[in-house]
Structure formats: structure tokens, C-alpha cells
1. Among the residues that make up region A:57-79, is at least one of them within 11 Å of another protein chain (Cβ to nearest Cβ) and touching a Gly at 6+ places or on another chain (Cβ under 9 Å)?
2. Give the residues of region B:31-51 that are free of Cβ contacts under 8 Å to residues at least 24 places away in the same chain and farther than 17 Å from B:Tyr90 by Cβ, sorted by residue number.
3. Is it the case, given these coordinates, that A:Ser110 is surrounded by fewer than 21 Cβ atoms within 10 Å (Cβ to Cβ), at pLDDT below 95 and either more than 26 Å from B:Phe35 (Cα to Cα) or within 14 Å of chain B (Cβ to nearest Cβ) (or both)?
4. A:Tyr99 passes all but one of (1) more than 14 Å from every other protein chain (Cβ to nearest Cβ); (2) surrounded by fewer than 18 Cβ atoms within 10 Å (Cβ to Cβ); which number fails?
5. Is it true that some residue in region B:68-78 is touching a residue at least 60 places away in the same chain (Cβ under 8 Å), more than 19 Å from A:Leu41 (Cβ to Cβ) and touching a Ser or Thr at 6+ places or on another chain (Cβ under 7 Å)?
6. Give region A:76-85 a look and list any residue that's part of a helix (DSSP H, G or I) and among the hydroxyl-bearing types (Ser, Thr, Tyr), or say none.
7. Out of the residues in region A:80-96 meeting the condition of being within 13 Å of chain B (Cβ to nearest Cβ) and of a type in the set (A, V, I, L, M), tell me which one is most open to solvent (accessible area, probe 1.4 Å).
8. Take region A:56-88 and flag every residue that is in contact (Cβ under 8 Å) with a residue 24 or more places away in the chain and among the small types (Gly, Ala, Ser).
Amino acid sequence: DVKVTQSSRYLVKRTGEKVFLECVQDMDHENMFWYRQDPGLGLRLIYFSYDVKMKEKGDIPEGYSVSREKKERFSLILESASTNQTSMYLCASNSAPGYIQYFGAGTRLSVL
Amino acid sequence: AQTVTQSQPEMSVQEAETVTLSCTYDTSESDYYLFWYKQPPSRQMILVIRQEAYKQQNATENRFSVNFQKAAKSFSLKISDSQLGDAAMYFCAYTPSGNFGNEKLTFGTGTRLTIIP
């Protein structure tokens, strides 16, 4: 079975802190994604990566950056967390466009 | 830009009955993929069903089937013989086919399905 693992289920941070959300997949997938999920807004794409060290902005990249140094790991970075970044963050991966995306369990981030 | 619309924020159905969740989308592409994903209360999102736009036959997975109307840009999900385990948030999603730059999914806002025992 494909496994996408997010390092934390719940995270509480303070305004201005630098926050790292980690995601690891075990299926040698080319593509990895970070989404933000908010009630009434569905899932919105923050960034995606189609190869090591490659990244593309999604629909809401402002305030976020990403890092993909190894194929299996995709990190989301909040350089200076703000309260409006309190949300559920979901990581996903797939092998090619149009193929199933496999999701992690999510990280619920609260910024106080 | 592509958009996906789910007009039913919440729905409920009696156990063992049938329910249909609606989804419409807007695109100028002729070839694309459509998905229904399920997110149970434990939050791990899983695929329910996938449809390729160039295939006229509606996809089916056990109790789950779709009604894909390409001209109307409609992609509804029918759940037959509803079970308590079907209670979840359901998301419709779209991605164009093709290569580089077309990998992203566009999601609808979701429909929360409640199963009444």
C-alpha cells in the first residue's frame, strides 16, 4: 500500500515562529503536493513539486515556501507564521498527471 | 481557469438507501480526469472513483457509480445501499490530461454526507 506520512497530526505555534511541516512518501512518486483545507473552501493547492529540487506555485503560495531535497520528502515552510495560517494541511503524492493522488492524514496547525 | 462546484454543502440519507451527490465543473479542455474523494472523520482522504473524460462509459466501483455528462460538464456520484461507514466529506476534483504543468487537482468545496441509522 502507498503510504504518505505527515510528521505531526497536531501542531501549535506562536505568531512569527518558523514552522516546518514534513511529508514522506514511500512509493517513489514523482509528484508531491501541499494543500490547505478550510471549511467551505475545500482544498486549495499551495505548492507542488514534480521532481527533486523542482517546485511550482499553486493557487495560494503567499506566506509559504517548500523544499524537496530528496524524492521521497517534501517540506512545507511557514517563514513567519501568522494567525491566518491556522488550518489543516494535507500532503499528497502521485506518479503522473491524471493518476490517483494519495494523501497523508493531515496536520492541524494552530497559530496563536 | 478551471472551477469545480459542489452545490450541496450537506446531505443525509437513510441507511440502505441511495443518495446522489452533485458536481459540475468548468473547463475549456477536451481531455481530462475527474475524481471523487472521500474524507472520513479520521481525515485521511481516499479515492472513491476516477473517470477519464474520453471514456463514455460511466465508472463504477462496487456500490459507487458516477453519472458523467460531458456536454453538461456534470459528474455526480451515486452511492447505493448506503452504509454507516459512508459517512464522510466527499470532494469532487478535476485535472486536465497532458504533461508538465498539468498535474494539479482542482477541488470542489465538498459535501458532508450523514448516514441516518
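1. Checked region A:57-79: no residue is within 11 Å of another protein chain (Cβ to nearest Cβ) and touching a Gly at 6+ places or on another chain (Cβ under 9 Å).
2. Result: no residue meets the conditions.
3. It is false that A:Ser110 is surrounded by fewer than 21 Cβ atoms within 10 Å (Cβ to Cβ), at pLDDT below 95 and either more than 26 Å from B:Phe35 (Cα to Cα) or within 14 Å of chain B (Cβ to nearest Cβ) (or both).
4. Every listed condition holds for A:Tyr99 apart from (1).
5. Checked against the condition, which is being touching a residue at least 60 places away in the same chain (Cβ under 8 Å), more than 19 Å from A:Leu41 (Cβ to Cβ) and touching a Ser or Thr at 6+ places or on another chain (Cβ under 7 Å), region B:68-78 yields at least one hit.
6. Matches in region A:76-85: A:Thr83 only.
7. A:Ala96
8. Correct list: A:Gly58, A:Ser75, A:Ser80, A:Ala81, A:Ser82, A:Ser87.
The values are calculated or read from the model by the stated rules, or taken from the named source; none is laboratory data. Just so we're clear, the structure is a prediction, and the values are computed from it rather than from any experiment. As a convention, Cβ positions derive from the backbone with ideal geometry for all residues, glycine included, and neighbour counts pool all protein chains shown. With ligands, DNA and RNA removed, areas are computed over all heavy atoms of the protein, side chains included. Shrake-Rupley method; radii C 1.70, N 1.55, O 1.52, S 1.80 Å.
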